[in-house]
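Here is the structure we will look at.
The values are calculated or read from the model by the stated rules, or taken from the named source; none is laboratory data. The structure presented is a predicted model; accordingly, all values stated were derived computationally and were not measured. So basically every Cβ, Gly included, is an ideal-geometry build from the backbone, and we count neighbours across all protein chains shown. These accessible areas exclude ligands, DNA and RNA; they are computed on the full protein's heavy atoms, side chains included. Shrake-Rupley method; radii C 1.70, N 1.55, O 1.52, S 1.80 Å.
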Amino acid sequence: MADDSTILSLQGLTKRYGDATALEHVDLDVQRGEFLTFLGPSGSGKTTTLNLIAGFIEASEGSMLLDGAPLEKLQAHERNLGVVFQHYALFPHMTVRANVEFPLKQRKMSKPERVSATDAAMEMVRLGSYAERFPRQLSGGQQQRVALARALVYRPPILLMDEPLGALDKKLREWLQLELRRIHRELGSTFIYVTHDQEEALVLSDRIAVFNEGRIEQIGTAHELYDAPETLFVGRFIGEATVIQGTLAQGRFSAGGRELQVAGSIASQRGAVLIRPENLHISDAAGTSLPERAVNRIEGTIEDMVYLGPERKYNVTTELGVAIVRVPEREAAAARIGDRVLVGWAPEDAVLLDDAESQDEPVRAI
Ligand code: ADP
Ligand code: MG
């Protein structure tokens, strides 16, 4: 239930367009001061949710509370939220300073207050020396920083950002991600950020809400989503994993005609075992032994091997699909591409999940 640490609460939020449902019964409590990211594939409802919060569209059902007060009654500009969306462009005929100052003029702030708040916002995004330039004289990254300063200048309690770095190249994006973290720390306000890029979500967020087909599948820290995904979709979307799909009957899990040991339980008979690369062990061609606890063992052939500095990554083709294995370099066995090896894992190092995806399909492995 929402309490004082909750700044924004979404309850049963639903958005339909004709027969199509863009967002279906989303419940979410946003914590005061957190950096929350909406992560999900294209079309999963992230922008729709942000647009509902911003007041750009109206919900079909459900409610939103900002500090306990209904948000729906307020027009977008009355909500006083900061917005950095890709389509929310800068005013081309105004200088950087005039762009950043604009929301303060709208709010009828006095001139001296405006000047000091505008200076502070431009310093915050490190554009103080660009104050008299026009947007066309700035790079894409600089323009996005101006947009950020304009959204922050009136100190909104919540800043909403929809893929603000999407159009920038990787290096610039990575640098601005660190800048966003710094600005979030310095301001202490609540950030809600949309991205389809899981690495970006991992770098930025205190918590991540994973969207899929108009629903939030799971909300948690990066660690929680990685170590304890609650759905197969989340397990696959965050980080790498080997997934073995199969059937569960009387506590026995079988895949491809083999029985595997599992820990935990699921509701349905179709299940999947998800194993993170660092939880898989690999023998070398000479058959060096796997740890005793790795009781599940499959034979396979090393298809590929990549050095990643401190780690080595193997792709091993097995009768149950491709296994992805990561081994610390100093523990790596002398296995080469083409070698026959064993991969193994302990049941308690794998996650057993319902497999809603293949309820009607024959057993297969990915
Ligand atoms: P995301 O931001 O996660 O990529 P969106 O929230 O933009 O996804 O869209 C969610 C779903 O709603 C998609 O299937 C999209 O096609 C649909 N949708 C979004 N806006 C509209 C609209 N104005 N009219 C009809 N369908 C829409
Ligand atoms: Mg979107």
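The C-beta contact set for the stretch 122-144 (first residue free of Cβ contacts under 8 Å to residues at least 40 places away in the same chain, second residue of a type in the set (S, T, N, Q) and surrounded by fewer than 16 Cβ atoms within 10 Å (Cβ to Cβ), distance under 9 angstrom, 6+ apart or interchain) comprises Met122/Ser129; Tyr130/Gln137.
With a requirement of 3 or more residues that are farther than 29 Å from Ala167 by Cα, the strands (runs of 3 or more DSSP E) lying completely within the stretch 1-100 that satisfy it span 6-17, 20-31, 61-66. Close contacts from the stretch 24-51, counting a first residue that is farther than 17 Å from Glu72 by Cβ and a second that is away from ligand 2 (no atom under 16 Å from the Cβ) and of a type in the set (Lys, Arg), with Cβ to Cβ under 8 Å and a gap of 6+ residues or different chains, come to Gln31/Arg207; Glu34/Arg207; Phe35/Arg181; Phe35/Arg207; Leu36/Arg207; Thr37/Arg207. Selection over the stretch 101-131 of residues that are in a loop (DSSP other than H, G, I, E, B) and farther than 25 Å from Asn51 by Cβ gives a count of 6.
Yes or no, residue by residue, for (1) in contact (Cβ under 8 Å) with a residue 60 or more places away in the chain; (2) touching a strand residue (DSSP E or B) at 6+ places or on another chain (Cβ under 8 Å); (3) within 16 Å of Ser44 (Cα to Cα):
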site	(1), (2), (3)
Val194	yes, yes, yes
Gly246	yes, yes, no
Gln250	no, no, no
Ser283	yes, yes, no
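Take the residues in the stretch 182-203 that are more than 15 Å from ligand 2 (Cβ to nearest atom) and not in a helix (DSSP H, G or I); name whichever of them is nearest to the chain's Cα centre (by Cα). Among those that are more than 15 Å from ligand 2 (Cβ to nearest atom) and not in a helix (DSSP H, G or I), it is Phe191.
Restricting the search to the stretch 42-65, which residues are away from ligand 1 (no atom under 15 Å from the Cβ), among the aliphatic types (A, V, I, L, M) and open to solvent by 30 Å² or more (accessible area, probe 1.4 Å)? Within the stretch 42-65, Leu65 is the sole residue that qualifies. Restricting Lys171, Lys73, Lys108 to residues that are at positive phi and in the same structural domain as Val194 (by TED's automatic domain parsing) narrows the list to Lys108.
Looking at Glu78, Glu58, Glu24, can you tell me which residue is of a type outside the set (Ser, Thr, Tyr) and under 17 Å from Ile158 (Cβ atoms)?
On the way: Glu58 fails: under 17 Å from Ile158 (Cβ atoms); Glu24 fails: under 17 Å from Ile158 (Cβ atoms).
Of Glu78, Glu58, Glu24, the one residue that is of a type outside the set (Ser, Thr, Tyr) and under 17 Å from Ile158 (Cβ atoms) is Glu78.
Within this structure, Ala222 passes the test of being modelled with pLDDT of 95 or more and of a type outside the set (S, T, N, Q). State which residue is least open to solvent (accessible area, probe 1.4 Å) when the search covers only the stretch 307-366 and only residues that are among the aliphatic types (A, V, I, L, M), at pLDDT below 85 and under 14 Å from Ile244 (Cβ atoms). Applying the filter and picking the extreme gives Ala365. Restricting the stretch 135-157 to residues that are in a helix (DSSP H, G or I) and in contact with a strand residue (DSSP E or B) (Cβ under 9 Å, 6 or more places away or on another chain) leaves a set whose member that is modelled with the lowest pLDDT is Gln144.
Please verify whether the stretch 73-81 includes one or more residues that are open to solvent by 10 Å² or more (accessible area, probe 1.4 Å), of a type outside the set (Phe, Trp, Tyr) and within 15 Å of ligand 1 (Cβ to nearest atom). Checking the stretch 73-81: not a single residue is open to solvent by 10 Å² or more (accessible area, probe 1.4 Å), of a type outside the set (Phe, Trp, Tyr) and within 15 Å of ligand 1 (Cβ to nearest atom).
Applying the selection to the stretch 181-203, what residues are away from ligand 1 (no atom under 16 Å from the Cβ), more than 25 Å from Ala69 (Cα to Cα) and open to solvent by 10 Å² or more (accessible area, probe 1.4 Å)? Give the steps one after another, and end with the answer.
First, the residues of the stretch 181-203 that are away from ligand 1 (no atom under 16 Å from the Cβ): 181-191, 199, 202-203.
Cutting the leftovers down to more than 25 Å from Ala69 (Cα to Cα) gives us 181-183, 185-186, 199, 202-203.
The answer is Arg181, Arg182, Arg185, Glu186, Glu199, Leu202, Val203.
If you check Glu24 against the conditions, is it modelled with pLDDT of 95 or more, among the acidic types (Asp, Glu) and within 11 Å of ligand 1 (Cβ to nearest atom)?
yes
All conditions but one from (1) within 19 Å of the chain's Cα centre (by Cα); (2) in the same structural domain as Asp119 (by TED's automatic domain parsing); (3) not basic (Lys, Arg) apply to Gln144; the one that does not is (1).
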